[in-house]
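Please read the structure below before turning to the comments.
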Amino acid sequence: MKILITGAAGFIGYHLCELLLKYNYEVVGLDNINDYYSENLKYSRLHALGIEKKDAEKFNVICKGSLYGENFSFIRMNLEDREALPALFGNEQFDVVCNLAAQAGVRYSIENPNVYVDSNIVGFLNLLECCRHHTIEHLIYASSSSVYGLNDKIPFSVTDRTDTPISLYAATKKSNELMAHTYSHLYGIPTTGLRFFTVYGPWGRPDMAIFLFTEAIINNKPIKVFNEGNMERDFTYVGDIAQGVKAVLEENLELRKKNDELYKVYNIGNNQSVKLLDFINEIESNLGKKALKEMMPMQPGDVEKTWANVDNLIKDYDYYPDTTIKEGVKAFLKWYRSYYKV
């Protein structure tokens, strides 16, 4: 099986590439390496996969890695590129596509809406068109818990309403689901959307809560705790996420085709909600240092609580996230100290 993973230099994309390569899959990674956050961190992730910066920084040129032989290659490319992307599909003949590329960040979407539409909607449409014209067996794509918006029913279920997004980021993710449904219906493309819930772990993005909290505590700076600390999140360890995506990638689609279930959406999370203050306490415990907490009001685009009902993923894929917050925070801090030499 030959797999295209977009967003390969990103947080989840890196971990998925690493996992699949350990199982000897043939993987092509794609990323535009934008400057939303540190490009050096993205190049470091690629380096850990055997791709050197001098090779990765060239646009639209396939390069091979040094760790996994012929099994891994990388290309820097924009999904919005309507010439280069179809050419890549034509040359590489992928079996499965996993789209993890997107402009991330709920709050950033309020300040930079055009970037989100270009990357998350135009780019996704181009990907769907490539899947349509190059007979892709299965498209798996990242959606988000943010699609639940103002829904106050807890835990969130895939049968709940998702028509009240409160950020443009959430609106683009819901748009992806609707577009995928259209292409599954019109062109018979099997598509699976995965609504990620607050993913954290080693190699995470610098704008993520655990990253911001850790950096602030180490440097004796106050941390902003929104909604006066009354926030809960379904914190999900990135290793559990990667295992879940792998299970979906490996699915035999014959039963879905037989049952006319080409389009499916799942929640993928830790199946429980954790208070933000408890999460902070775990970081404090590992660092042996108390945080200077600055209580703040709720931010635009945020929701008070997330919690994933993952019963469908358990039933269909035997998915059981088993990394505790204690284990996950410890693993993140071990990586953070090593990477930043603190």
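The values are calculated or read from the model by the stated rules, or taken from the named source; none is laboratory data. All of these numbers come straight from a predicted model, not from anything done at the bench. Ideal geometry is used to build each Cβ from the backbone, glycine not excepted, and the neighbour counts take in all protein chains shown.
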ask   = Which of (1) more than 20 Å from Leu127 (Cβ to Cβ); (2) among the small types (Gly, Ala, Ser); (3) under 17 Å from the mean Cα position of the chain (by Cα) does Ala170 not meet, given it meets every other one?
value = (1)
message = Taking the conditions exactly as written (out of contact with any Ser or Thr (no Cβ under 7 Å at 6 or more places or on another chain) and either in a strand (DSSP E or B) or surrounded by fewer than 22 Cβ atoms within 10 Å (Cβ to Cβ) (or both)), does Leu30 satisfy them or not?
response = no
task = Out of the residues in the range 56-66 that are exposed (fewer than 14 other Cβ atoms within 10 Å of the Cβ) and modelled with pLDDT of 95 or more, state the one that is nearest to Val28 (Cα to Cα).
result = Val61
request  = Enumerate the strands (runs of 3 or more DSSP E) found wholly within the range 124-241, keeping only those where 2 or more residues are in contact with a Leu (Cβ under 7 Å, 6 or more places away or on another chain) and at negative phi.
outcome  = 138-144, 222-225
note = Of the residues in the range 127-146, those that are in contact with an Asp or Glu (Cβ under 8 Å, 6 or more places away or on another chain), buried (at least 16 other Cβ atoms within 10 Å of the Cβ) and modelled with pLDDT of 95 or more number 3
query = Considering the range 1-27 alone, what residues qualify as being part of a helix (DSSP H, G or I) and among the hydrophobic types (A, V, I, L, M, F, W, C)?
reply = Phe11, Ile12, Leu16, Cys17, Leu19, Leu20, Leu21
task = Determine which single condition Val248 fails, assuming it passes every other condition in (1) within 30 Å of Leu186 (Cβ to Cβ); (2) free of Cβ contacts under 8 Å to residues at least 24 places away in the same chain; (3) of a type in the set (A, V, I, L, M, F, W, C).
result = (2)
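Per-residue answers, yes or no, for (1) of a type in the set (Phe, Trp, Tyr); (2) in contact with a Ser or Thr (Cβ under 8 Å, 6 or more places away or on another chain):
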site	(1), (2)
Val238	no, no
Leu276	no, no
Phe279	yes, no
Ile283	no, yes
Thr306	no, yes
Leu313	no, no
Asp318	no, no
remark   = Per the list (1) of a type in the set (Phe, Trp, Tyr); (2) within 13 Å of Thr236 (Cβ to Cβ); (3) surrounded by fewer than 15 Cβ atoms within 10 Å (Cβ to Cβ), residue check on Tyr319 breaks on (3)
inquiry  = Restricting to the range 303-337, give me the number of residues that are under 18 Å from Pro155 (Cα atoms), part of a loop (DSSP other than H, G, I, E, B) and without any contact (Cβ under 8 Å) to a residue 24 or more places away in the chain.
reply    = 1
